[in-house]
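K.L.:
Input: one structure, supplied below.
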């Protein structure tokens, strides 16, 4: 059994939010028993059980003292009971946050009448490269959208395959099923495997560019709060335009669109779109950009309590990482302080 000083130190760490699971468990055992002579609540108390069912036994265990001292002891006991209940509540909620699924396979589908329905599935289906939600019979399909922590893969009415990252939306043009130009607008990030249809081109538009293809596989990252739009080509050929420039991309080309200017680079890793394996990868991105994306993945809102350093970071967070592990990684990369309370992430940076 822990000594009085050790218990006090554990309680201090619990108050600071730094106690380990084992220390919380030790505190709960100590509170539930109070059967060790080395563990004392007060000099006037030797063995005290604070469980409700033992309230009557407390008087028998306490040596005769002044009424004032007894009243004080009851206040101490009640305070410890309330404190322990609070600790247990926090601990249980922390456990539920750790154990609950972080990601899910889900999408909100809307037709051309404005009617919507959510379709969800097993996350294993998302990771299965051969498994797609078949929407080829949805002739009136208007849009697909994912929320925070949601991913989906679908086959569109024309046979084109699309994979949506978290917080993303694609909208099909009203004449998508019949027009010579199949047009899709994108907000967020998506990977396309376009089905070739003779005489019918395929166009993807974002807020700052347009991509025209005939049959190809490519990825577009175009979140509204991202500093740049990133287009990567895996197979085929696409034409990228933004009103000022026009580029023809070849396989393994990556183009950064920043402030209306295209910068062409070569892919150096085959897993550039690691998100399709539920891995979160960032390469030389600002701290704010990374945290904004993480908020969509893990479902928290970021509250900045200081200014954000003008720093770019790179890293990869593997599939299955718990929120606490993610925040520890960010702490190591940025030297910041990250405290998650409910769904609010409070972020503080030193010297800011």
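K.L.:
Given the conditions (1) touching a helix residue (DSSP H, G or I) at 6+ places or on another chain (Cβ under 7 Å); (2) farther than 29 Å from residue 152 by Cα; (3) not in a loop (DSSP other than H, G, I, E, B), report the number of the one that residue 281 does not fulfil.
P.N.:
With respect to (1) touching a helix residue (DSSP H, G or I) at 6+ places or on another chain (Cβ under 7 Å); (2) farther than 29 Å from residue 152 by Cα; (3) not in a loop (DSSP other than H, G, I, E, B), residue 281 is out only on (2).
K.L.:
Answer yes or no: is there a residue in segment 333-340 that is touching a strand residue (DSSP E or B) at 6+ places or on another chain (Cβ under 8 Å), outside the structural domain of residue 165 (by TED's automatic domain parsing), in a loop (DSSP other than H, G, I, E, B) and at positive phi.
P.N.:
yes
K.L.:
Quick check: anything in segment 230-251 in contact with a helix residue (DSSP H, G or I) (Cβ under 6 Å, 6 or more places away or on another chain) and in a loop (DSSP other than H, G, I, E, B)? Explain how you work it out, then say what you get.
P.N.:
Just the residues of segment 230-251 that are in contact with a helix residue (DSSP H, G or I) (Cβ under 6 Å, 6 or more places away or on another chain), to begin with: none.
Among the residues of segment 230-251, not one is in contact with a helix residue (DSSP H, G or I) (Cβ under 6 Å, 6 or more places away or on another chain) and in a loop (DSSP other than H, G, I, E, B), which makes the answer no.
K.L.:
For segment 284-318, which positions are assigned to a loop (DSSP other than H, G, I, E, B) and out of contact with any helix residue (DSSP H, G or I) (no Cβ under 8 Å at 6 or more places or on another chain)?
P.N.:
Quick first cut of segment 284-318, residues assigned to a loop (DSSP other than H, G, I, E, B) only: 299-300, 305-311, 318.
The answer is 299, 305, 306, 307, 310, 318.
K.L.:
Further, regarding this structure: What number goes with the only condition from (1) touching a residue at least 12 places away in the same chain (Cβ under 8 Å); (2) more than 25 Å from residue 228 (Cα to Cα); (3) crowded, with 17+ Cβ neighbours inside 10 Å that residue 338 does not pass?
P.N.:
(1)
K.L.:
Another question about this same structure. Of the residues in segment 319-332, how many are outside any helix (DSSP H, G or I), under 17 Å from residue 275 (Cβ atoms) and touching a helix residue (DSSP H, G or I) at 6+ places or on another chain (Cβ under 9 Å)? Quick ask: steps written out before the conclusion?
P.N.:
Of all residues in segment 319-332, those outside any helix (DSSP H, G or I) come to 319-322.
So of that shortlist, the ones also under 17 Å from residue 275 (Cβ atoms) come out as 319-321.
When the remaining residues are screened for being touching a helix residue (DSSP H, G or I) at 6+ places or on another chain (Cβ under 9 Å), the result is 319, 321.
Qualifying residue count for the region: 2.
K.L.:
What number of residues in segment 341-352 are more than 17 Å from the chain's Cα centre (by Cα) and buried (at least 17 other Cβ atoms within 10 Å of the Cβ)? Working first, answer last.
P.N.:
Our first condition is that a residue be more than 17 Å from the chain's Cα centre (by Cα); within segment 341-352, this holds for 348-352.
Add one more test, that the residue is buried (at least 17 other Cβ atoms within 10 Å of the Cβ), and what stays is 349.
Within segment 341-352, residues that are more than 17 Å from the chain's Cα centre (by Cα) and buried (at least 17 other Cβ atoms within 10 Å of the Cβ) number 1.
The values are calculated or read from the model by the stated rules, or taken from the named source; none is laboratory data. Being a predicted model, the structure only gives us computed values, none of them experimental. Cβ atoms come from the backbone with ideal geometry, glycine included; neighbour counts cover every protein chain shown.
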